[in-house]
Amino acid sequence: MNTREQSRWKRWGKGGAAVLAGALALGAGWQALASAHEAAQLERSGRMVEVGTHRMHLHCTGRGSPTVVLESGATGGSSPWAWVQAELAQQTRVCSYDRSGMQWSEASPLPRTAANVSAELRTLLANAGEEGPFVLVGHSLGGIYARRFVADHPEDVAGLVLLDSSHPDQLDRLGDEARELQSAFTSILQASPWLAHVGLMRATDLFAAQAEGLPPAALAAAAHFVTQPGHLRTSAAELAHWDESMAQVRGAGPFGDLPLSVISAEKGDDAWLQLHREMASLSSRAHYRVIPEADHLSVVMRKDHAAAVAAAIGELLAVVRNGGEA
């Protein structure tokens with residue numbers, strides 16, 4: 001390559017870098033403007049509660065006891081529970097919340113492990129004046145956190161629902177494909193705060209589509225927060241502590257005669273459903289059921305599937321109110 005050609009390539013390289021920098025700046029500007037506009041339209045449904053180092057968002061509706069506490073899956077928060085919470089509020093008091101650093105909750109200085117999530121939830125409920133014992137409902141990764149809460153605070157738990165829940169041994173039991181998918185999802189989440197900052201999470205709609213089926217206000221909130229760097233950064237941190245959280249739950253249980261409902265989405269594969277059936281052995285008062293036609297997300301996002309889930313939780317509530325007898 002002669003001197004003239006070298007000079008031409010340098011000019012093109014500088015020009016390309018300038019174009020890229022300009023595009024990223026435009027993307028960041030668009031992200032900031034769109035985020036501000038969306039935030040102005042959103043209405044926070046609950047209240048902010050001091051938990052020591054920061055504040056967390058708690059949304060409680062309905063009346064009665066025991067109070068049901070809803071624990072969301074990875075990248076979730078209170079918004080995905082809209083259908084389930086509306087149904088349950090007709091039967092009892094029910095609370096959804098945002099884990100530290102997610103949706104409306106402020107970030108915590110502690111690592112995002114199951115033990116820390118459990119401790120923060122206990123502080124949140126106590127500081128909010130919510131009285132137990134509670135019925136914990138954990139969806140997906142939230143099932144892991146709910147199991148840790150039961151192990152840490154058995155006196156505060158009247159019942160447990162594991163909704164298409166993660167299993168502490170799933171990556172070993174489900175084979176190489178499951179581990180590869182988990183690794184890919186974790187890598188995407190780790191890059192997502194930067195992608196969100198320059199508007200690419202918004203442009204690709206990468207996670208927002210997962211909230212389809214929710215009522216309008218909940219859908220708007222869920223779609224907004226999966227384009228926000230802080231929410232995504234915490235979501236990535238939770239998965240980065242996956243192994244530690246699973247180890248913290250692996251030895252938790254069995255839970256004696258605690259009323260337990262294990263619920264699967266029908267469209268999971270056989271190995272996934274087998275893990276759920278095994279979870280029913282955690283209690284001598286367990287019931288296993290499958291939600292027909294449901295998948296891992298639709299069990300909470302789709303109104304009819306969420307209604308079926310709420311009905312199953314209602315059956316567990318009846319058991320709890322009857323002193324553990326079906």
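The values are calculated or read from the model by the stated rules, or taken from the named source; none is laboratory data. Since the model is a prediction, treat every value here as computed from it, not as a measurement. Heads up, the Cβs are rebuilt from the backbone with ideal geometry, glycines too, and the neighbour counts pull from every protein chain shown. Ligands, DNA and RNA are stripped out before the accessible areas are found, and what is left, the full protein with its side chains, is counted by its heavy atoms. Shrake-Rupley method; radii C 1.70, N 1.55, O 1.52, S 1.80 Å.
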In the stretch 84-97, residue nearest to A128 (Cα to Cα) [restricted to those that are open to solvent by 40 Å² or more (accessible area, probe 1.4 Å) and not in a loop (DSSP other than H, G, I, E, B)]: A86
Odd one out for T123, checked against (1) closer than 20 Å to R112 by Cβ; (2) open to solvent by 10 Å² or more (accessible area, probe 1.4 Å); (3) not in a helix (DSSP H, G or I): (3)
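Out of T53, T113, T75, which single residue is open to solvent by 10 Å² or more (accessible area, probe 1.4 Å), touching a Ser or Thr at 6+ places or on another chain (Cβ under 6 Å) and touching a residue at least 40 places away in the same chain (Cβ under 8 Å)?
T75
Let's see how each residue does on (1) of a type outside the set (G, A, S); (2) in a loop (DSSP other than H, G, I, E, B); (3) open to solvent by 40 Å² or more (accessible area, probe 1.4 Å); (4) at pLDDT 95 or above:
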{"position": "A82", "(1), (2), (3), (4)": "no, no, no, yes"}
{"position": "E106", "(1), (2), (3), (4)": "yes, yes, yes, yes"}
{"position": "L136", "(1), (2), (3), (4)": "yes, no, no, yes"}
{"position": "F149", "(1), (2), (3), (4)": "yes, no, no, yes"}
Count - residues of the stretch 250-278 that are under 22 Å from V135 (Cβ atoms), open to solvent by less than 30 Å² (accessible area, probe 1.4 Å) and either in contact with a Cys (Cβ under 8 Å, 6 or more places away or on another chain) or modelled with pLDDT under 95 (or both): 1
Test: S283 is touching a residue at least 60 places away in the same chain (Cβ under 8 Å), closer than 21 Å to P215 by Cα and among the small types (G, A, S): no
Where a residue in the stretch 298-326 is over 26 Å from Q210 (Cα atoms) and surrounded by fewer than 20 Cβ atoms within 10 Å (Cβ to Cβ) and its partner, wherever it lies, is of a type in the set (K, R) and modelled with pLDDT of 95 or more, with Cβ under 7 Å and at least six apart: G324/R285
